[in-house]
């Protein structure tokens, strides 16, 4: 998980006392900044104010921890300062997108809409001084009217926010660092040129039971100290073959990943958002993820849930092909899906619509109707197009 949501009961010193010098020169400004609720005020005063109204439970805020996948954090150690600066900026933008999704509104408008105050602290190392680009976002326990922030709703959307954040990072890395990033077969993030040896050398070791090994005390190193440490660790790391970029196109989602993320239970819009973001192999802009998920989940009632098999829509994917990432193309795919539903109700079988050769004229006509409804990247091979047209149906657009 790259997004974790914890309850915070402290006074804020843990964050205010860490200057985050490890990112000096590649982070825009100091470690801490106000995102909502007083952007022009004093950070210390803002943090104290945000934490001044605890709930009965003692919780004063939510601590939303957004951490870049290790291969992305490693770019801070192996890229020149200019590229590292762009990587940190891409992280910040992705954090804002994930946070905006959690709050249900753009971060800057949170207080304007009566939402809670929000502050953030961005750092670049863990306690072992490994590259670890992450941001702690403190969200006040109460909104601008003194009402309790609905923690349950925020937590319900954490998995989707996680996927939105990582998808935004994957989409931004080619421009930021000249490297592609993608989702591996296991669901992990991979970055072009960042091999497993580097990842292992800069990752906190784990015990046999999977828990992180005991960490070192908190320290506040300088940027120079951190870079010397990184150079030593990377110089001694075992090198392995770089990860192989998947032979996929960014024009369509990975339907296998989409199905795996949805699972077999009941799903609502947050689960569809997560699944779609994860299925965009090379990443996607957050606003496009949300728009596409809204199209795909259009049959899900507001705040309701449906069986995942309905959203997976295996029959339609078999006939129409994988769902496009382009929103206009996705709309045409949905149009084709509606026509397919009518054909299936008439008794047509998916297999004969995929390849109507040897079928009756009625089947050829049904396939042609489907082509007219959804002229996408054709599921029917180009060599069938003349036969479909000659069957007396219609002129086809086969791409």
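Annotations
- In the elastic network of the chain, a GNM with C-alpha springs shorter than 10 Å, the most mobile of 189, 202, 249 is 249.
- Taking only the alpha carbons of segment 3-176, we obtain Rg and Dmax values of 15.6, 48 Å in that order.
- At full extension, residue 6 and residue 335 could sit 114.2 nm farther apart than now, given 0.36 nm per residue minus the alpha carbon distance.
- Label-reachable residues, segment 299-325, where backbone N falls under 14 Å from a point 7 Å from residue 248's Cα toward its Cβ: 322-325
- Shape of segment 1-72, Cα gyration tensor, a/c cut at 1.5: oblate
- Remark: 11, 280 ranked as 11, 280, counting other beta-carbon atoms within 10 Å and listing the fewest first.
- Cα-based helix-to-principal-axis angle, 286-296 vs the chain, degrees rounded to 10: 40 degrees
- In units of the rule-of-thumb radius 2.2 N^0.38 Å, the chain shows an alpha carbon radius of gyration of 1.15.
- Using only alpha-carbon positions in segment 246-343, the gyration tensor eigenvalues give semi-axes of 18, 17, 13 Å once each is multiplied by 5 and square-rooted (largest first).
- Choice from 191, 226, 87 showing the highest fluctuation, given a GNM over the chain with Cα pairs closer than 10 Å: 226
- Our summary gives the chain a relative contact order of 14 percent, counting only alpha carbon pairs under 8 angstrom and 6 or more residues apart.
- What separates the Cα centres of segment 1-60 and segment 250-267 is a distance of 36 Å.
- FRET E, pair residue 151, residue 355, Förster distance 45 Å, beta-carbon r, rounded to 0.05: 0.30
- Top of 44, 17, 162 by mean-square fluctuation, Gaussian network on the chain, Cα under 10 Å: 17
- The chain: angle of helix 327-345 to the longest principal axis, Cα-based, in degrees nearest 10: 40 degrees
- Estimated FRET transfer efficiency (residue 28, residue 186; beta-carbon r; R0 35 Å; 0.05): 0.55
- Where only DSSP H runs of four or more residues are counted, the chain gives -12500 deg cm²/dmol as its mean residue ellipticity at 222 nm, each run worth -39500 (n - 2.57).
- In degrees, nearest ten, helix 223-236 long axis to first principal axis of the chain (Cα): 60 degrees
- For 84, 219, the sequence from fewest to most other C-beta atoms within 10 Å is 219, 84.
We did not get these values from a lab; they are worked out from the coordinates using the rules stated. No experiment lies behind these values; they were computed from the predicted model shown. Don't worry about glycine lacking a Cβ; one is built from the backbone with ideal geometry, like all the others, and counts go over all protein chains shown.
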